[in-house]
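Reading through the structure tokens given below for one structure.
The values are calculated or read from the model by the stated rules, or taken from the named source; none is laboratory data. Because the structure is a prediction, the values reported are computed rather than measured. For neighbour counting, all protein chains shown are included, and Cβ atoms are generated from backbone atoms with ideal geometry for every residue, glycine included.
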Amino acid sequence: MARKRYDRDFRISAVRLVTEQGYTLDQAAKSLGISSQSIREWKVKLAKEGVVFTKPNETAEEEMRRLRAENKRLQMERDILKKAATYFASLNP
């Protein structure tokens, strides 16, 4: 039996049903007549390609909390790199 091929737009739409519109994998797969495993695989592949899917239930507060945590982590990384650069610069007179 030959495997069906779906175009990129169809795959993106299928993944968006789950990621942005709140469908479960099984609901989306059943409504489209495909397997939930296909949607799972497409999501991973599209994420590697750089396709961004927004979270449907992320409120402004949750987004702020997430962004603050990311900002704090990035500042710590920057500080570590500054200290390392200073240390290595002091080794080379």
Consider only pairs whose beta carbons are under 8 Å apart and that are at least six residues apart or on different chains; among these, list those whose first residue lies in segment 3-14 and is in the same structural domain as Ala28 (by TED's automatic domain parsing) and whose second residue is assigned to a loop (DSSP other than H, G, I, E, B) and not hydrophobic (A, V, I, L, M, F, W, C).
Ala14/Tyr6
Among the residues of segment 19-76, which ones are polar (S, T, N, Q), closer than 27 Å to Arg5 by Cβ and in a helix (DSSP H, G or I)?
Thr19, Gln27, Ser31, Ser36, Gln37, Ser38
Starting from residues that are more than 15 Å from the chain's Cα centre (by Cα) and surrounded by 10 or more Cβ atoms within 10 Å (Cβ to Cβ), keep the ones in segment 43-65 and report whichever is modelled with the lowest pLDDT.
Glu62
Being at pLDDT 90 or above and under 14 Å from the mean Cα position of the chain (by Cα) is true for just one of Arg68, Arg73, Arg40, Arg78. Which residue is that?
Arg40
